[in-house]
Amino acid sequence: MSNRGGISILMPVKNAGKYINKSIESVLNQTYRDFELIILDDSDDETTEIINSYSDQRIKYIHYSGNISHKLNYGIQKAQFDYICRMDGDDIIDSKKLERQINFLKDNPETDIVGTNYICINESGDKLYEKKMPEYHIEIAFMMPVITSVLHSTIMLKKSKLMNLNPYDENLYYAEDLDLFLKLINSIKFYNLQEPLYYYRIFKDRSNSHYNKISYLLGLKYLKKKLNTNKNTAETIFQIGLLEYYRNDIQKARQMFFKLLFSPEIKKLKLFRYLLPTLLGNFIIKSLRHKGFLRKANSLIIRYFNYDTYYIKLK
């Protein structure tokens, strides 16, 4: 294998014994063959034994203790190839994922990082729903500090873009992906392939409250810094309102949206789409979210109107 054009897939794992076999098999079944799968593992279940049962020379097993940021930074140092790809040890990738992504990056040299749409599956592997991500950089950049607009485990990027910085903050146990993306969003170009090439496993017993809290703080810090530059003030206030709406406080979101009622820079249809629900208050909105009503409503809108209410455009 030559380094030029090869892909280094980073898979940090811990106690993924129930799913690791299918994850590895989905990598080995790729139509694009020039890759190495770097598995960084510190499991105490059967995961290690299952990984070591494979004889494929492209699998590089590393026993490494530490949080996911430690593992990923170490994996980047060990990566031999030009392109870095992410994957989690309990997920599955489509057989054409690597081929589709590397061909896109080679055909579009102005783009540095590419993600994909994905399908959410449950613990048994049953399909729950498909998630469409924003396609172009302008929408990805707008939504990034609000709701992470590239699924971390779907990404492929040029290794050279990571070499001049310490990519992952090793003090973060959650939201290390958002921290990295916010570091990169203004200096490199993002894109999401509009194909569901990744199967993302959702677990009922795993809370995302810590991730949401850290993501909120990272997003707010980024947007306040942007607001202090006095550039795109109305747009930034709208983003802060969206951040409050999705991750923190509905009343604060309402305050931000009211500030924009007479702004010609924000389309009123977009504004009222968020302002009106905030009138219901925190308790009702959180209850609707907890019961999955808002996600189901969005899924119906996507199905019948081909419009994703999370897919924000200003123009």
Open item on the list: Rounded to whole Å, give me the distance from the Cα center of region 243-278 to that of region 87-101.
Closed with: 37 Å
Open item on the list: Could you work out how much longer the chain between Phe258 and Lys22 gets when fully extended? Use 0.36 nm per residue separation minus the Cα distance between them, nm to one decimal.
Closed with: 80.0 nm
Task: Exposure proxy ranking, count of Cβ atoms within 10 Å, fewest first, for Thr48, Thr233, Thr154 - done: Thr233, Thr48, Thr154
Task: Neighbour-count order for Asp41, Asp126, fewest beta carbons within 10 angstrom listed first - done: Asp126, Asp41
Task: Order of Met256, Met163 - criterion: other Cβ atoms within 10 Å of each residue's Cβ, fewest first - done: Met163, Met256
Task: Residue-count net charge about Glu195 - beta-carbon cut-off 9 Å; Lys, Arg +1, Asp, Glu -1 - done: +2
Open item on the list: What lysines does Lys268 reach when the alpha-carbon gap must be under 22 Å and sequence neighbours fewer than 8 apart in one chain are set aside?
Closed with: Lys231, Lys252, Lys259, Lys313, Lys315
Open item on the list: Can you list residues from other chains, or at least 5 along the same chain, whose modelled amide H is less than 5 Å from the amide H of Tyr200?
Closed with: Ile119, Cys120, Ile121
Task: Phi to ³J(HN,Hα) by Karplus 6.51 cos²θ - 1.76 cosθ + 1.60 over region 77-93, Hz, x for Gly, Pro - done: 4, 8, 5, 8, 9, 6, 10, 10, 10, 10, 7, 9, x, 10, 10, 9, 10
Task: region 209-230 and region 128-191: distance between their alpha carbon centers, rounded to Å - done: 14 Å
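Compute for region 48-202: radius of gyration divided by Kirkwood radius, i.e. Rg/Rh, restricted to C-alpha atoms, rounded to two decimals.
Rg/Rh: 0.94.
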- [ ] Determine the calculated [θ] at 222 nm for the chain from helices alone, applying -39500 (n - 2.57) to every DSSP H run no shorter than 4 residues and normalising by the residue count; nearest 500 deg cm²/dmol.
- [x] -12500 deg cm²/dmol
TODO: Name the long-range amide H neighbours of Lys60: under 5 Å, sequence gap of 5 or more, or other chain; modelled H, no Pro or chain starts.
DONE: Leu37, Ile38, Ile39
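If you count, for each residue, the other Cβ atoms within 10 Å and average over each peptide, how do 277-283, 195-201 line up from highest to lowest?
Top to bottom by mean Cβ count within 10 Å: 195-201, 277-283.
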Open item on the list: Amide H of Ile113 versus every other amide H placed in the peptide plane: which residues, excluding those fewer than 5 positions away on the same chain, fall under 5 Å?
Closed with: Lys189, Tyr191
Task: Antiparallel DSSP beta bridges within region 7-201, percent to nearest 5 - done: 30 percent
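Laboratory data are not the source of any read-out in this text; all were calculated from the coordinates shown. This one's a predicted model, so the numbers in the text were calculated from it and none came from an experiment. Every residue, glycine among them, receives a Cβ derived from its backbone with ideal geometry; neighbour counts consider all protein chains shown.
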